[in-house]
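Below: one structure, written as structure tokens.
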Amino acid sequence: MKKIGVLTSGGDSPGMNPAIRAVVRKAIFHNVEVYGIYGGYTGLISGNIKKLELGSVGDIIHRGGTMLHTARCPEFKTPEGQQKGIEQLKAHGIEGLVVIGGDGSYRGARALTQQGYPCVGVPGTIDNDIPGTEVTIGFDTALNTVIDALDKIRDTATSHERTFVIEVMGRDAGDLALFAGLAGGAETILIPEEDFDMAEVADRLRKGQERGKKHSIIIVAEGVCSGNDFAKQLKEATNFDTRVSVLGHIQRGGSPTASDRVLASRLGARAVELLIEGKGGRAVGIEKNTLVDYDIVEALERKHRLDLDLVKLSKELSI
Ligand code: ADP
């Protein structure tokens with residue numbers, strides 16, 4: 001393979017830039033030309049494609065977002081849209097593609113693979129919901145952003161002796177909420193993987209107050225319900241007053257943590273190796289600190305699993 005392409009797609013995540021940098025530099029190291037496709041699958045269909053050099057990815061390792069920009073492209077879900085994309089790649093002489101993104105972007109890469117075009121998926125999302133990897137690029141940075149916000153909210157919660165409901169992102173996955181709740185010492189963590197009992201939530205709040213706690217923090221994953229809806233339900237059921245904080249898109253931004261930069265560098269470089277070895281149709285990941293890769297079709301059939309031991313631990317530590 002002498003020419004490859006790289007794109008970022010779907011929701012952005014901090015660490016996409018170091019992943020792009022790794023793809024570009026690893027390819028050039030092996031004398032392979034790299035083309036950046038700007039604006040995800042939309043840019044692929046329209047041919048927004050430019051050659052990248054070593055310097056094109058200079059000074060981006062520490063930046064959030066993605067220098068290639070990203071987009072959501074409904075047209076790419078159709079076989080016609082996918083064919084247009086393949087035609088653009090062929091017109092530029094690009095023989096393989098690295099797709100950095102979440103599970104929607106992986107489905108796009110799977111579609112290209114099923115049409116005979118070699119693609120490798122690199123997991124980039126703050127949601128940590130991609131099968132075939134224990135952790136995704138951006139999760140650690142988003143987690144640290146949530147913790148930073150949570151610590152600040154805790155200061156004001158303590159001063160005013162208030163209960164706070166904090167809504168965090170994660171789509172249908174509870175990882176961000178669970179890890180943030182555990183690392184931030186939340187009293188209650190509500191995740192979509194588990195039903196919650198309002199009476200139990202209220203009981204925890206009461207017990208905390210009885211033993212003199214000055215504040216309480218409840219983390220609600222967006223996949224459960226909105227923070228405001230939960231606060232309303234809690235008020236109706238128990239008369240508990242709360243303040244709600246919706247962290248929103250700050251969770252997607254910021255300079256990637258060291259851990260995300262290292263992960264992005266390893267996964268991006270591995271994706272290039274696979275393409276050079278002629279192994280398209282793969283999804284790269286990390287398990288037990290070792291690089292792994294799976295057939296992208298099989299990877300998408302698996303389900304990402306939340307660590308249930310951590311759910312248990314978070315309950316034991318927040319009695
Ligand atoms: P993420 O990659 O963050 O999960 P989306 O779910 O929005 O984000 O997916 C990003 C893009 O991937 C979509 O806008 C679409 O272009 C493409 N995509 C999603 N699902 C499919 C599919 N089933 N087939 C082909 N392309 C898809």
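Taking all protein chains together and rolling a 1.4 Å probe, Tyr38 ends up with roughly 40 Å² accessible. Dividing the mean sequence gap of close Cα pairs (under 8 Å, 6+ apart) by how many residues the chain holds gives a relative contact order of 24 percent.
Expressed as a whole percentage, what fraction of the accessible surface of the chain belongs to carbon and sulfur atoms when a 1.4 Å probe is rolled over the protein heavy atoms? Each step should come with its number before you reach the end.
Working: 6830 of 13940 Å².
Taking all protein chains in place, the chain shows 49 percent carbon and sulfur surface.
Each residue, Lys3 and Ser159, gets one label point 7 Å from its Cα in the Cβ direction; the gap between the two is 6.0 nm. Listed by chain and number, the lysines placed with their C-alpha closer than 22 angstrom to that of Lys303 are Lys77, Lys288, Lys312; residues fewer than eight positions away on the same chain are left out. Normalised radius of gyration (Cα atoms, divided by 2.2 N^0.38 Å) for segment 51-95: 1.53. Among Leu317, Leu300, the order of accessible area from largest down is Leu317, Leu300, computed with a 1.4 Å probe on protein heavy atoms.
Its Cα gyration tensor gives the chain an equivalent ellipsoid; the semi-axes, largest first and in whole Å, are 41, 18, 16. The distance between label points at Glu53 and Asn289 comes to 3.9 nm (points 7 Å beyond Cα on the Cα→Cβ vector).
Annotation: per residue accessible area for the chain equals 44 Å², rounded to a whole number [probe 1.4 Å, protein chains only]. Computed over the chain with a Gaussian network model linking Cα atoms closer than 10 Å, the most mobile of Thr242, Thr257, Thr133 is Thr242. Relative to the compact globular guide of 2.2 N^0.38 Å, what is the alpha carbon radius of gyration of segment 1-81, as a ratio? That ratio works out to 1.09.
Using the Kirkwood radius built from alpha carbon pairs, what does the Stokes-Einstein equation give as D for segment 140-257 at 4 °C and 1.567 mPa s, in µm² per second? Intermediate results must be reported in sequence, preceding the final value.
Working: Rh = 14.1 Å.
The estimated diffusion coefficient comes to 92 µm²/s.
Once the chain from Asn228 to Lys152 is taken as fully extended at 0.36 nm per residue, the excess over their C-alpha distance is 25.4 nm. Here Glu301 and Met198 are evaluated by their C-beta separation; at R0 = 30 Å the FRET efficiency comes out at 0.25.
If you take the alpha carbon atoms of segment 42-142 and fit the smallest convex hull around them, that volume is 111 Å³ per residue. Alpha carbon centre of segment 139-210 versus segment 277-319: separation in Å? Spelled out, the Cα-based centre of one part sits 23 Å from the other. Measuring spread by the Cα atoms of segment 125-181 yields a radius of gyration and Dmax of 13.0, 44 Å. Averaging 1/r across all pairs of distinct Cα atoms in segment 94-143 and inverting the result yields a Kirkwood radius of 11.2 Å. Straight-line reach from Lys2: which lysines have Cα under 20 Å away, leaving out those fewer than 8 places along the same chain? Cross-link targets: Lys26, Lys50, Lys51, Lys90, Lys279. Straight Cα distances below 26 angstrom link Lys235 to the lysines Lys152, Lys207, Lys213, Lys214, Lys315, with same-chain residues fewer than 8 positions distant left out.
When only alpha carbons of segment 227-319 are considered, Rg and Dmax amount to 20.4, 62 Å. In the assembled protein chains, Ser245 presents an accessible area of approximately 30 Å² (probe radius 1.4 Å).
Percent antiparallel among DSSP beta bridges with both residues in segment 1-146, to the nearest 5? Don't skip to the answer; put the middle values down first.
Values: 4 of 20 bridges.
Bridges in segment 1-146 are about 20 percent antiparallel.
Across segment 268-319, counting alpha-carbon atoms alone, Rg and Dmax equal 16.2, 53 Å.
The values are calculated or read from the model by the stated rules, or taken from the named source; none is laboratory data. It should be emphasised that the depicted structure is a prediction, and the values quoted were computed from it without experimental measurement. Neighbour counts are summed over all protein chains in view; Cβ atoms, including those assigned to glycine, are modelled from backbone coordinates with ideal geometry. Just so you know, the surface numbers come from the protein's heavy atoms only, side chains and all, with ligands and any DNA or RNA stripped out. Shrake-Rupley method; radii C 1.70, N 1.55, O 1.52, S 1.80 Å.
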